[in-house]
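Taken together, the values in this text are just the output of simple stated rules run on the coordinates, not laboratory data. What you are looking at is a predicted structure, and each value in this text was computed from that prediction instead of being measured. Cβ sites come from the backbone with ideal geometry, for glycine too, and all protein chains shown count toward neighbours.
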Amino acid sequence: MAQSTVAQVIISIIPIVGIFMGSVVVFFYLLWNHRRRILLIKAGQYNKPAFDLQSFSLLAGLLLSAVGLALTIFLSIVSGAGFGLLGGIIPLAVGAGLLCYYGIKRSDRAS
């Protein structure tokens, strides 16, 4: 059974509208958050949020390594050795790099 052209147009427009609406939401969030910070700075009530780079690198490294390992195993089984395998090797390498950074910074803090 062939789809009508109207159905094909609607099916192709839905992702475009979704991406556009998501972009509008992100834009206004960033705009309003920026204005809020400017007003807090002018009022003298702004406190810079603390960011723990060491904990972030540990969490991101563990997550990326796990996802990269799973993707590498899955893609090697499905497609064998090829360029598609980079979809798993790249996050695995980034995760390993973040874990190495965490290990280096942790040893620097201990000494």
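Listed values for the range 13-22 are Karplus-derived 3J(HN,Hα) couplings in whole Hz (6.51 cos²θ - 1.76 cosθ + 1.60, θ = phi - 60°), namely 7, 4, x, 5, 5, x, 5, 4, 5, x, and x replaces Gly and Pro. Toward the positive end of the charge dipole of the chain, with +1 on the Cβ of Lys and Arg and -1 on the Cβ of Asp and Glu, the farthest Cα among Gly103, Gly68, Ala50 is that of Ala50. Given an 8 Å cut-off on Cα distances and at least 6 residues of separation, report the relative contact order of the range 53-110 as a percent. Once divided by the residue count of the range 53-110, the mean separation gives 47 percent. For the chain, the relative contact order is 24 percent, taking Cα pairs closer than 8 Å that sit 6 or more residues apart in sequence and dividing their mean separation by the residue count. In the chain, helices alone account for a calculated mean residue ellipticity at 222 nm of -29500 deg cm²/dmol, with every DSSP H run of four or more residues adding -39,500 (n - 2.57). Going by neighbour counts of Cβ atoms within 10 Å, the residues Leu92, Leu53 line up, fewest first, as Leu53, Leu92. Distance between the modelled labels on Cys100 and Gln54, one decimal in nanometres: 2.0 nm (7 Å Cα→Cβ projection). Given 10 Å bins starting at zero, what is the percent of C-alpha pairs of the chain in each, up to the one with the largest pair distance? Cα pair-distance distribution for the chain, in percent: 12, 18, 19, 30, 14, 6, 1, 0.
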